[in-house]
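The values are calculated or read from the model by the stated rules, or taken from the named source; none is laboratory data. None of the values given here were measured: they were computed from a predicted structure. Ideal geometry is used to build each Cβ from the backbone, glycine not excepted, and the neighbour counts take in all protein chains shown. Accessible surface is based on the protein model in full, side chains and every heavy atom, while ligands, DNA and RNA are left aside. Shrake-Rupley method; radii C 1.70, N 1.55, O 1.52, S 1.80 Å.
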Amino acid sequence: MAVTIMGEEQAADSFRLAAEIRRTGVRTGVYLGSSGKFAKQMKWAGEQGARFCVLHGAAEHEAGAVTLRDVVPPTRGGPGPS
């Protein structure tokens, strides 16, 4: 599992979220790079071997929710998410 940091305002929340996920036994990394660009963070998540990426930006913060994104898209003709 990978957790993004979409802005400085959400950084502390992203680290808390990662800690909560780790407590469930799921290996979790937090993006520590300097780029806030979504595509760069998704690329990083894939390079780390993460299957899913947790997005927690301003919109999610306002809604009190997160977005879970599939890091590895299904291949053409292959099975989708189960």
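Return one number: the angle in degrees, 0 to 90 and rounded to the nearest 10, between the long axis of the Cα atoms of helix 38-47 and the longest principal axis of the Cα atoms of the chain.
60 degrees
Does segment 1-65 classify as rounded, prolate or oblate by the C-alpha gyration tensor (a ≥ b ≥ c root eigenvalues; a/c under 1.5 gives rounded; else a/b over b/c gives prolate, otherwise oblate)?
Verdict is oblate for segment 1-65.
Hey, what did the chain get for relative contact order, percent, Cα under 8 Å, at least 6 apart?
33 percent
Counting only helical runs of four or more DSSP H residues, what would the 222 nm mean residue ellipticity of the chain come to if each run contributes -39,500 (n - 2.57) and the total is spread over all its residues?
Estimated from H runs of four or more residues: -10500 deg cm²/dmol.
Considering only protein heavy atoms and a 1.4 Å probe, what is the carbon-and-sulfur percentage of the accessible area of segment 5-66?
54 percent
Quick one: work out the % antiparallel among DSSP beta bridges in the chain, nearest 5.
So the antiparallel bridges amount to about 50 percent of the total.
Among 33-42, 9-18, how do they line up by average Cβ neighbours within 10 Å per residue, starting with the highest?
9-18, 33-42
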